[in-house]
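Notes follow the structure.
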Amino acid sequence: MERISFHDQISKNKRKSFFLIIIIFLVFVLIGYIISLALNPSYFFIIMIMAIIFSISYLLIGYYNSDKIALKSVNAKPASRQEYPQYHNLVEGLCLASGMPKPKLYIMEDENINAFASGRDPQHSVICVTKGALNKLNKQELEGVLGHELSHIANYDIRFMTLTAVLVGMIAIISQIFLRSLWFQSFSGGNRDRNQSQLIFIAIGVLLAILAPIFVSLVQLSISRKREYSADASSVKFIRSPTGLINALKKIQKDTNINEKQKINKAIAPLFISDPFKKKIENAFSTHPSLEKRIKILERM
């Protein structure tokens, strides 16, 4: 079996992620341009400015409060050193080895094995693990999981995914503005003076306004899956062994406790190390690659 270099794996998935975000940006420009032709070319900059203002407002609120929003949504509590010494010691050891500042540590009441990281940068980051992870994973396995979460922080994945979300949000806003403006004009009689070319662009614009948000959401989910592969590889880079993370993912695979899963908001599901809703089969709508694929790749490192 051909071995995989974790350096190559990290580089490959980063390239794919940047390529996918370029696709989202191009769709953003294309839909803005088509809509401006459908309405009035002078509207292009007005539409773009409105979308950017709304999206930047959303970005600033989400970006500076991403950790608080995520922690609040799962009702996480600070993890004290007295109660969870191993948790603190493992994170401190990994931070020392990687030269990263120590994130704030939290616990969430859930018997499933899971964890997530959030925060706009390494200086304002948090890691949260479930009680199930602390109770069911041994020291080496927990270290693998924590290495994965620290990798998300080190790779600025939260910032990258926030940027992706903003671009997707911009496209959704532009689409809604366009569709609502057509609805308004249909009642006010503003469509009577349209020439044939404008009607063609209106038809194309309506199609794009409906399909583009779906398409870019699928691209966003694909980026989320690529970042999971990168974090797995970066965890191996931190720890210099894939064994702990492999065994942790195998335990997650066998973990059948689903009593707590409904407590997790779907909006933060991509942050977790594994899909908290335990979808077994990976598809275009999956937030995470399948555990089986991730394990196979790690076993070749």
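Just so you know, all these numbers are worked out from the coordinates, no wet-lab data involved. Fair warning: this is a prediction, and the values are worked out from it, not measured in the lab. Counting neighbours? That spans all protein chains shown, and the Cβs are built from the backbone with ideal geometry, glycine included.
Miscellaneous remarks
- Checking the cross-link pairs LYS266/LYS293; LYS72/LYS296; LYS104/LYS251 against a 31 Å limit on the alpha carbon distance flags LYS72/LYS296 as lying beyond it.
- Of the residues PHE285, PHE28, PHE215, the one with the fewest other Cβ atoms within 10 Å heads the list, and the complete ranking is PHE285, PHE215, PHE28.
- Taking ILE174, ILE204 and counting other C-beta atoms within 10 Å, the order from fewest to most: ILE204, ILE174
- Residue-span extension gain [ASN135 to ILE200] - 0.36 nm each, minus C-alpha spacing: 17.3 nm
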